[in-house]
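Report on one structure; see the data block that follows.
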Amino acid sequence: MSDSVYGHVIGAEKLTILMNGLGERFREEIRTSTKTIGETLAAYIQKKKLSGQVLKNRSGNLRTSVHFGDITETPNGITGTVGTIREYAAAHEYGGPYQVKEHLRMQTMAWGRPMTPKQVTVKEFTMNMPQRSFLRSALRETKNLIAAEYERAAKRAIAGMLK
């Protein structure tokens with residue numbers, strides 16, 4: 001008696017074509033969803049995290065620098081990046097020391113009283129910043145929306161192949 005089981009799938013060629021096609025169709029849908037998620041997450045961070053909720057909006061430079069970057073594809077996955085180019089963003093996100101470079105600023109107050117504005121030099125100094133996560137916390141807060149979008153992408157890929 002043999003321990004092997006033999007069988008033949010009727011329509012195997014069609015099934016193989018369907019499965020091979022699903023791979024590219026699936027990647028296409030995931031790519032589209034990754035772009036949608038990235039753009040939505042960047043907007044969420046700008047509106048819900050950097051407009052006074054986590055960090056006060058002083059100049060708007062950090063808020064306007066948050067963006068969805070490029071999509072990176074490898075044989076094992078598709079990755080989208082949301083981030084900022086501002087060097088001080090990491091100090092806000094993770095907390096810790098941040099070296100403030102020497103710079104000019106406009107002085108408009110002296111000892112709590114208004115004065116004629118004048119430009120003054122602020123010497124380089126180190127400040128210890130508390131952790132105020134705006135990137136990681138936004139990702140945590142939107143994880144259910146992200147999962148739902150990827151689930152819709154998988155369903156679209158399968159539905160597209162069955163047409």
Restricting the search to region 67-87, which residues are part of a loop (DSSP other than H, G, I, E, B) and either among the polar types (S, T, N, Q) or in contact (Cβ under 8 Å) with a residue 40 or more places away in the chain (or both)? Asn76, Thr84
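Pull up region 44-56, narrow it to residues that are surrounded by 14 or more Cβ atoms within 10 Å (Cβ to Cβ) and more than 14 Å from Gly83 (Cα to Cα), then point me to the one that is nearest to the chain's Cα centre (by Cα).
Lys48
Here are some residues: Ser51, Ser59. Which one is modelled with pLDDT under 90, touching a Lys or Arg at 6+ places or on another chain (Cβ under 8 Å), among the hydroxyl-bearing types (Ser, Thr, Tyr) and not in a strand (DSSP E or B)?
So the residue among Ser51, Ser59 that is modelled with pLDDT under 90, touching a Lys or Arg at 6+ places or on another chain (Cβ under 8 Å), among the hydroxyl-bearing types (Ser, Thr, Tyr) and not in a strand (DSSP E or B) is Ser51.
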Would you mind telling me which numbered condition in (1) in contact with a strand residue (DSSP E or B) (Cβ under 9 Å, 6 or more places away or on another chain); (2) at pLDDT 90 or above; (3) surrounded by fewer than 17 Cβ atoms within 10 Å (Cβ to Cβ) Thr72 fails? (2)
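Return the residues of region 125-163 that are in a loop (DSSP other than H, G, I, E, B) and surrounded by 10 or more Cβ atoms within 10 Å (Cβ to Cβ); say none if nothing qualifies. Write out each step before concluding.
Within region 125-163, the first condition is being in a loop (DSSP other than H, G, I, E, B), and the residues that meet it are 130-135, 142, 163.
Passing the criteria: Gln131, Arg132, Ser133, Phe134, Leu135, Thr142.
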Restricting attention to region 86-119, report how many residues are surrounded by 10 or more Cβ atoms within 10 Å (Cβ to Cβ) and either of a type in the set (Val, Ile, Thr) or at positive phi (or both). 4
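Can you pull out the residues in region 102-122 that are out of contact with any strand residue (DSSP E or B) (no Cβ under 9 Å at 6 or more places or on another chain) and among the charged types (D, E, K, R)? So that I can check it myself, show each step before the final result.
Our first condition is that a residue be out of contact with any strand residue (DSSP E or B) (no Cβ under 9 Å at 6 or more places or on another chain); within region 102-122, this holds for 110-113.
Once the filter is applied, which keeps residues that are out of contact with any strand residue (DSSP E or B) (no Cβ under 9 Å at 6 or more places or on another chain) and among the charged types (D, E, K, R), region 102-122 yields only Arg113.
Condition first: outside any loop (DSSP other than H, G, I, E, B) and under 25 Å from Ile146 (Cβ atoms). Can you find one or more residues in region 96-106 that meet it? Before you say what the answer is, go through the steps one by one.
Our first condition is that a residue be outside any loop (DSSP other than H, G, I, E, B); within region 96-106, this holds for 96-100, 103-106.
If we keep only those that are under 25 Å from Ile146 (Cβ atoms) as well, we get none.
No.
The values are calculated or read from the model by the stated rules, or taken from the named source; none is laboratory data. Since this is a predicted model, take the numbers as computed values, not measurements. Using ideal geometry, Cβ is built from the backbone for each residue, glycine included, and neighbour counts are taken over all protein chains shown.
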